[in-house]
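Working notes, structure below.
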Amino acid sequence: MRIKRCKTLGIVGAGNLASSLVRGLYQKDHDAWEFYLTDVDTSKAIQLATAYQGIATSLPELVRQSDVILLAVKPNNMPELIGQLNSLLSTQGTPSAVKLLISVAAGLRLKYYEDNLPDQAVIRALPNTSALVGRSVTGLVRGDRVKDAQGLLAEQIFGALGKILWLSDDKLNALTAVSGSGPAYFYYLAEAMALAGQRLGLTYEEAAFLAGQTLVGAGRMIEETGEDPGVLRAKVTSPKGTTHAAVKNMEQDGFADLMLRALTACRNRADEMERELNPSATETPGKGESS
């Protein structure tokens, strides 16, 4: 759905994710959004604003001007920012002052924001580093005060980075295990394939090129065919063929169990980070199987 009038997006924090979002939205439709940017490093906000016709400003001015406020600071800096926002938003004092706040910080559940930002509409969003090339997958969690039109705005914003998936808040740490940290697993696989290819007689550069491009192609196949990865794997695994020999070896070595242990460790660490950042939380995170 296209938003007809120009919307204002204020971004607190001018790091890589903010840059990716502004670039993606600007390239998609530079007339649809006006950007307000602030950062503790003023030069970063100015640089990003200059590149995409935005406005580098102070936090109070950003809050006044923005329809949507994206909180793109590190989790340990979030409590201080939430305190500042609570003060700024409460001083405006009218229903029109209600904002859509979107946090991209891991480790703080939706309830934390809703408890500390009364009367504001809050969404949690967790993209991954593939946002830098417009191929992220972003998990979105909708707060109780979010209106349908605001949900569409969040879809428009993160749609500029790639695909989106709405989830409940208790599933976001599982998403972190699969897609949030997921790019690193594929880089690790490509690295291991490159090293193996080198031992089989290729140069490392040749093997790394082949491994990387093969992963890109396989990803495109999953996306464009819409078929289950297991079905695609079976289609290229002829009985007693070369691929069958490799896959059989992986199965014997417990490849699927290895991935389960790795992703469970990732999910459990995300649960631990939640408790470290918000010890008073009473919710029990980390539903599902654990090791």
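For segment 188-252, a/c is not less than 1.5, where a ≥ b ≥ c are the root eigenvalues of the C-alpha gyration tensor, and a/b does not top b/c. That puts it in the oblate class.
Rounded to the nearest percent, how much of the accessible area of the chain (1.4 Å probe, protein heavy atoms only) is carbon and sulfur? Answer for the chain: carbon and sulfur cover 56 percent of the accessible area.
Per-residue surface analysis assigns His244 an accessible area of about 70 Å², computed on protein heavy atoms at 1.4 Å probe radius.
Give me the percent of DSSP beta bridges within the chain that run antiparallel, rounded to the nearest 5. Walk me through the numbers on the way to the answer.
Working: 4 of 29 bridges.
Rounded to the nearest five, the antiparallel share is 15 percent.
Report the antiparallel proportion of the DSSP beta bridges in segment 10-162 as a percent, rounded to a multiple of 5. That works out to approximately 20 percent antiparallel.
Among the DSSP beta bridges whose two residues both lie in segment 115-214, what percent are antiparallel, rounded to the nearest 5? Looking only at bridges with both residues in segment 115-214, the antiparallel portion is about 45 percent.
Counting other Cβ atoms within 10 Å of each Cβ, which trypsin sites (Lys or Arg not before Pro) in segment 229-258 have at most 14 and sit in a DSSP loop?
Details: sites: Arg233, Lys235, Lys240, Lys248; in loops: Lys240.
Taking segment 229-258 and a limit of 14 other Cβ atoms within 10 Å, the loop trypsin sites (Lys or Arg not before Pro) found are Lys240.
In segment 187-257, taking the dipole from charged Cβ atoms about the Cα centre, the farthest positive-side position among Ala190, Ala245, Gly230 is held by Ala245.
For Ala246 and Gln84, calculate 0.36 nm times their separation in residues minus their Cα-Cα distance, and state this gained length in nm to one decimal.
Details: separation 162, 0.36 × 162 = 58.32 nm, distance 5.58 nm.
Full extension of this stretch gives 52.7 nm more.
Counting 0.36 nm for each residue step from Asp41 to Lys28 and taking away their Cα separation leaves a gain of 2.0 nm.
Note on Lys111: accessible area approximately 100 square angstrom, rounded to 10, probe 1.4 Å, nucleic acids and ligands left out. Potential lengthening of the chain between Lys111 and Arg220 amounts to 35.6 nm, from the contour at 0.36 nm per residue minus the alpha-carbon distance.
Under the classification rounded if a/c is under 1.5, otherwise prolate if a/b is larger than b/c and oblate if not, where does segment 120-182 fall, given a ≥ b ≥ c as square roots of the Cα gyration tensor eigenvalues? Intermediate results must be reported in sequence, preceding the final value.
On the way: a/c = 2.83, a/b = 1.32, b/c = 2.14.
Here segment 120-182 falls in the oblate category.
Assuming a ≥ b ≥ c are the square roots of the Cα gyration tensor eigenvalues, decide whether segment 1-160 counts as rounded (a/c under 1.5), prolate (otherwise, with a/b larger than b/c) or oblate. The shape class here is rounded.
The charge dipole of segment 34-103, taken about its Cα centre with unit charges on the Cβ of Lys, Arg, Asp and Glu (plus for the first two, minus for the last two), comes to roughly 80 debye. Would you mind getting me the FRET efficiency between Thr237 and Glu206? Use the beta-carbon distance for r and R0 = 22 Å, nearest 0.05. Working from the Cβ atoms, E equals 0.35.
Only protein heavy atoms count here; under a 1.4 Å probe, Arg220 has an accessible surface of about 120 Å². With contacts taken as Cα pairs under 8 Å and at least 6 residues apart, segment 125-268 reaches a relative contact order of 19 percent.
Over segment 97-241, the hull volume per residue, using the convex hull of the C-alpha atoms, is 135 Å³.
With every protein chain present, what is the per residue accessible area of the chain (1.4 Å probe, Å²)? Can you show the working numbers first?
Values: 16370 Å² over 291 residues.
Normalised by residue count, the accessible surface of the chain is 56 Å².
Converting phi to 3J(HN,Hα) with the Karplus coefficients 6.51, -1.76 and 1.60 and the offset θ = phi - 60°, segment 200-210 yields 8, x, 7, 6, 4, 4, 5, 5, 5, 4, 4 Hz in sequence order, with x at every glycine or proline.
The values are calculated or read from the model by the stated rules, or taken from the named source; none is laboratory data. These numbers come from a predicted model, not from an experiment. Here the Cβ is made from the backbone with ideal geometry for all residues, glycine too, and neighbour counts use every protein chain on show. In case anyone asks, the SASA skips ligands and DNA or RNA and just uses the protein heavy atoms, side chains included. Shrake-Rupley method; radii C 1.70, N 1.55, O 1.52, S 1.80 Å.
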